[in-house]
Amino acid sequence: MAAFAYLYTRKDVDHDHIGAIGWDMGGGYALKLAMYQPRLAACVVNYGTPPTDPNDIQQILAPVLGNFGALDKGVLPGDVQMFEKAMKNMQRRVDIKIYEGAGHGFENSDNKDTYRPEAAADAWGRSIAFLNKSLK
């Protein structure tokens, strides 16, 4: 079995107004895209693992919005705070929110054990507002 990646570019796509959003591993992939695609206009990460290497963080030029859970055992709040601090020290635009009482997957309504409806609604609202502002 082989894995494939395919990039399709339409002629009518405005390449200066592309954003990435992801949850869990997809959030980590959105950050990876931000590291390797300097023209990315916005990146939203929802409890995805942030990079810790300053060289990787330095490559992120897009503004980043992050939504994380304070009770997350996989993506530790301390690592998120270090990422935020590094981004700010590098004069990068970053907006991180860590939700009290929320763990990993708090936006997933299919998982009744982790779902936190109020935090999920707030994170979604933040994400939409951020993308609307960043992708004008």
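Here the contact order of the chain, divided by its residue count and restricted to Cα pairs under 8 Å and six or more residues apart, works out to 20 percent. Each 5 Å bin from zero up to the one holding the largest Cα-Cα distance in the range 89-130 carries the following percent of pairs: 5, 22, 27, 19, 12, 9, 4, 2.
If you wrap the Cα atoms of the range 17-66 in a convex hull and average its projected area over all directions, you get 2.8 nm².
At an R0 of 22 angstrom, the distance between the Cβ atoms of TYR115 and LYS73 translates into a FRET efficiency of 0.85. The count of lysine pairs in the chain that are at least 8 places apart or cross chains, and whose C-alpha atoms lie under 29 Å apart, stands at 22.
The simple spin-label model puts a point 7 Å past each Cα toward its Cβ; for GLN37 and ASN55 those points are separated by 2.4 nm. What the pair-distance distribution of the chain shows, using all Cα-Cα distances binned every 10 Å from zero, is 12, 42, 32, 12, 1 percent. Using a probe radius of 1.4 angstrom, the carbon and sulfur fraction of the accessible surface of the chain is 54%. With protein chains left intact and a 1.4 Å probe, residues in the chain average 63 Å² of accessible area per residue.
The values are calculated or read from the model by the stated rules, or taken from the named source; none is laboratory data. The shown structure was predicted, so the numbers you read here are calculated from the model rather than taken from an experiment. Heads up, the Cβs are rebuilt from the backbone with ideal geometry, glycines too, and the neighbour counts pull from every protein chain shown. For accessibility, only protein heavy atoms count, side chains too; no ligands or nucleic acids. Shrake-Rupley method; radii C 1.70, N 1.55, O 1.52, S 1.80 Å.
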